[in-house]
Amino acid sequence: MNTISFEWLLARRFLTENKGQTSIIVLGIAIGVAVMVFLTALIDGLQANLIQNTVGRSPHIVISSEENAAADALKTFDGEKVLLIDASQKTMRPIVEWRSLTNSLTGDSRIETVLPVVEGAGLIRHGQVNRSILLKGFDIRNGDRIYDISDSIIAGSQNVQEGAVLLGKDLAADLGVSAGEPIQLELSGREPLTVMIDGVFDLGVSSINQRWLIMDQRKAAALLGKGDRISTIEMQVYDVLEAENLAREWGTRLPDYQVKSWQESNASLLAALRSQSSSSYTIQVFVLLAVILGMASVLAISAVQKSKQIGILKAIGIRTGSVSRVFLYQGLVLGVAGTGLGFTMGLLMSQLFVVLAEQEYTLLVKPATAAIIISATVLASALSAYLPARQVSKIDPIEVIRNG
C-alpha cells in the first residue's frame, strides 16, 4: 500500500471512529453554508428583480446629440452683453450619420440591441379632450426586443405589424379611445391629421403610458419633418451592470455625442443596490468567519483527542508530514460533505421562503459567488484540521504515549 492510500485509509478510519462527532461537524458546516446560499439567492435575486423592473423594458444606453444653447444665449446691445435665453438649456440636434453609427454599435459583441429612434412632441385630440404626447418612431419589431411591446398590448392584436400606431394605456383612458378608433394628431408646423389607433399598450411605467404614441420610424420622421435623420440611438446590453463602463467607452469614441447609461438616470437605485450588495457581502463574510472558527475549534479538539494515536503513528515511523496530511484529508472530506449538504439545504430554504411568502421572487446564485462559498469553506475545513494536527504531531511521541 502506497503512502497516499494509507493516509486516506487512516483519515477514513478517524472519521468513522466517532460517527456522532463527524455528523455534528458536517451539520455545522452545512448550516453555515446554507445560510450563505440562502442570503445570496434571495438578495441577488431581489437585485435582479429590481433591475429587471426598472430597466428591463427600457434602453440601457442612449446616444443623443444634445448641445447647450450657450452659443446663442448672449447678444451684445450698445456694447453690453444681454442674456436672451437660459444658457443651461439644451437642444436636441438630429443625428445624420446614424447608419454608420448603428453598424459600429451592432458590431460590438457586448451590445444586444441597437434601436434608432425618431421622437418629437405633439398634441392629440379626441372629442373635446386633448393631451400632449411624445411621438416615438422606431422599427416596431426591433423595438420589441427592448420594450417587449407585443406582450404589452392590452387592446388590439398582439401581432404588431409594421406601420401600426400604438397608444399608451393611461393616455387612451384619458382620451376615451381604444384600438380601432381614430384620433386627431397635431404636430408643430403640420396640419392636423387623423390617425387610426391599432393597439393600446401597458409598459408598466406611468410616465410612458401617459405620454407615448408609437409608430414606424419612417412615418414618424416624415410627420416630424426630420427626413432621413433620427433623434437618438437606444441600446440594450447583455450585462446590465456593465452599461456604465460601456457608455463611458463609447463616449470616448464618439466625442461629438452624448452617451448616457441607465445608471446616470437611476443614481438613487444604483446607490441602493450597492448598499444592499455591501450589506449582503458583510453578512456572508461574518457567517463564513463563524463557520471557520467553529470548524477550527472542533477539529482542534479532535486533533488533541487523537494525540495518543498520533504518538503511536510517529513511534512506528510515520513522519510528521504524513500525519498532518491524514488530518488534511479528513478536513477536505468534512468540507466537501458539509458544503454539498449546505448548498442543498440553502436552495431548499430559499424555495420554502418563496412559497411561504407567496411573492414572485427570483432565486439567483451567481457562479462566482457559489465558487467563492465552495472554495472558501472547503479550504477552511482543510486548514482547520491540518494546522492543529501539525502542531500536535510535533510533540515527542514517547511523552504522548506515556501521558496519554
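Summary table below
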{"quantity": "Every residue from segment 185-207 that is closer than 13 Å to Leu167 by Cα and in contact with a strand residue (DSSP E or B) (Cβ under 6 Å, 6 or more places away or on another chain)", "calculated": "Leu185, Val195, Met196, Ile197, Asp198, Gly199, Val200, Phe201, Asp202"}
{"quantity": "Ala221 touching a strand residue (DSSP E or B) at 6+ places or on another chain (Cβ under 7 Å) and more than 30 Å from Leu105 (Cα to Cα)", "calculated": "no"}
{"quantity": "Unique residue being in the same structural domain as Glu97 (by TED's automatic domain parsing), part of a loop (DSSP other than H, G, I, E, B) and under 23 Å from the mean Cα position of the chain (by Cα) when the list is Gly204, Gly227, Gly251", "calculated": "Gly204"}
{"quantity": "Qualifying residue in segment 91-104 (condition: modelled with pLDDT under 85 and not in a loop (DSSP other than H, G, I, E, B))", "calculated": "yes"}
{"quantity": "All positions within segment 355-404 that are modelled with pLDDT under 70, in a helix (DSSP H, G or I) and exposed (fewer than 12 other Cβ atoms within 10 Å of the Cβ)", "calculated": "Ile398, Glu399, Arg402, Asn403"}
{"quantity": "Members of segment 128-156 that are under 30 Å from Ile111 (Cα atoms) and not in a helix (DSSP H, G or I)", "calculated": "Ile133, Leu134, Leu135, Lys136, Gly137, Phe138, Asp139, Asp148, Ile149, Ile153, Ile154"}
{"quantity": "Residue within segment 177-197 that is at negative phi, under 29 Å from the mean Cα position of the chain (by Cα) and among the aliphatic types (A, V, I, L, M) present", "calculated": "no"}
{"quantity": "Qualifying positions in segment 223-259 - surrounded by 19 or more Cβ atoms within 10 Å (Cβ to Cβ), under 18 Å from Val55 (Cα atoms) and not aliphatic (A, V, I, L, M)", "calculated": "Thr232, Glu234, Gln236"}
{"quantity": "Members of segment 279-304 that are surrounded by 13 or more Cβ atoms within 10 Å (Cβ to Cβ) and not aliphatic (A, V, I, L, M)", "calculated": "Ser280, Tyr281, Gln284, Gly294, Ser302"}
{"quantity": "For Ala164: the one exception among (1) surrounded by fewer than 20 Cβ atoms within 10 Å (Cβ to Cβ); (2) in contact with an Asp or Glu (Cβ under 6 Å, 6 or more places away or on another chain)", "calculated": "(1)"}
{"quantity": "Residue among Ala220, Ala172 that alone is crowded, with 19+ Cβ neighbours inside 10 Å, modelled with pLDDT of 90 or more, small (Gly, Ala, Ser) and closer than 30 Å to Tyr257 by Cα", "calculated": "Ala220"}
{"quantity": "Residue check, Gly122 more than 32 Å from the chain's Cα centre (by Cα) and at positive phi", "calculated": "no"}
{"quantity": "Some residue of segment 66-87 being at pLDDT 50 or above and under 33 Å from the mean Cα position of the chain (by Cα)", "calculated": "yes"}
{"quantity": "Odd one out for Phe327, checked against (1) under 26 Å from Leu39 (Cβ atoms); (2) buried (at least 16 other Cβ atoms within 10 Å of the Cβ)", "calculated": "(1)"}
{"quantity": "Exclusive hit being in contact (Cβ under 8 Å) with a residue 24 or more places away in the chain and closer than 30 Å to Leu379 by Cβ, set Ser261, Ser280", "calculated": "Ser280"}
{"quantity": "Residue check, Gly32 small (Gly, Ala, Ser), assigned to a helix (DSSP H, G or I), touching a Phe, Trp or Tyr at 6+ places or on another chain (Cβ under 7 Å) and touching a residue at least 40 places away in the same chain (Cβ under 8 Å)", "calculated": "no"}
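The values are calculated or read from the model by the stated rules, or taken from the named source; none is laboratory data. Everything numeric in this text was worked out from a predicted model, so none of it was measured. Cβ: placed from backbone, ideal geometry, glycine included. Neighbour counts: every protein chain shown.
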